[in-house]
There are 2 protein chains.
Amino acid sequence: MSLEDQLLMPGQLLARGVCRHLALGHGFSVIEEFVPERGRRVDVMALGPKGEIWVVECKSSRADFMSDGKWQGYLDWCDRYFWAVDQEFPTDLLPEGTGLIVGDAYDAEILRMAPEHKLSGARRNALVRRFAAHAARRLLALRDPDAGMALI
Amino acid sequence: MSLEDQLLMPGQLLARGVCRHLALGHGFSVIEEFVPERGRRVDVMALGPKGEIWVVECKSSRADFMSDGKWQGYLDWCDRYFWAVDQEFPTDLLPEGTGLIVGDAYDAEILRMAPEHKLSGARRNALVRRFAAHAARRLLALRDPDAGMALI
């Protein structure tokens, strides 16, 4: 296990595998820990080649899932909503009408496509702009820490 | 001079100062070396708090400016177009109807605001989506090189 793998939490490792799969396998752009509105933070936000917006919440354990009282609020911020879990997770717990991704720190796979509930054009445009700002800000923080850390 | 400063070209150092100023001073999100369409690469693409799109071309010398036969094509990809130069640059060379930013590797300042030529809504949406994809891809390449480098 690499140093990075040891430093990341289980949910973050799962998010990494999900991001790899969506980026390399489906041509999506992906960011992590995106805040669509104050008080909400989604694990993975993915922007597809046709402008599709997917949200993926990563659950590392049954307890992690059971303590999440907010997930239904995320449905308003995406066209499709997925759970990502590892192979041990009791997937019977997961609610109907959501997508399912199973993965680990290195890769993932979509086992059940989420139903589509299309965002309005206005909300989509606002979300894409916020996605762009999030990604550019994090990128600047890594490229030019003197400037970027002030923005995080 | 830091190692990074020694590795970057003069135009890239200027772009860094421009990005710092637009991000910290004006609340813009910034990316570098953005390709709005095949065959064109803009030095700095900036996305403003209200969705404004600015392009900044960084010119480190008179020769650098004189050899640029493409700049007018960039006007179609932004609401406002700027040149960024250092304090030694003969600014009389710069064409009318463009903005002027003077800076160095550490900061910059807008000396002349560019006139506004508003993009159409469709092109703006397409550009913001491409901006988002560019920033997310570069960010992934830095955060998770195993996945990200395949996408650059």
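Values quoted throughout were computed directly from the atomic coordinates according to the rules given, and no laboratory measurement underlies them. Bear in mind the structure is a predicted one, so any value in this text is a computation, not a measurement. Using ideal geometry, Cβ is built from the backbone for each residue, glycine included, and neighbour counts are taken over all protein chains shown.
One table, with the values for the structure above:
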{"quantity": "Those residues of region B:114-152 which are over 16 Å from residue B:45 (Cα atoms), in a loop (DSSP other than H, G, I, E, B) and either under 16 Å from the mean Cα position of the chain (by Cα) or at the interface with chain A (Cβ under 7 Å from one of its Cβ atoms) (or both), in sequence order", "calculated": "B:144"}
{"quantity": "Residue list for region B:15-43, filter: buried (at least 16 other Cβ atoms within 10 Å of the Cβ) and more than 13 Å from chain A (Cβ to nearest Cβ)", "calculated": "B:36, B:42, B:43"}
{"quantity": "Test for residue A:131: is it in contact with a helix residue (DSSP H, G or I) (Cβ under 6 Å, 6 or more places away or on another chain) and of a type in the set (Phe, Trp, Tyr)", "calculated": "yes"}
{"quantity": "Criterion: closer than 14 Å to residue B:30 by Cβ and either surrounded by fewer than 20 Cβ atoms within 10 Å (Cβ to Cβ) or not charged (D, E, K, R) (or both) - qualifying residue of B:46, B:63", "calculated": "B:46"}
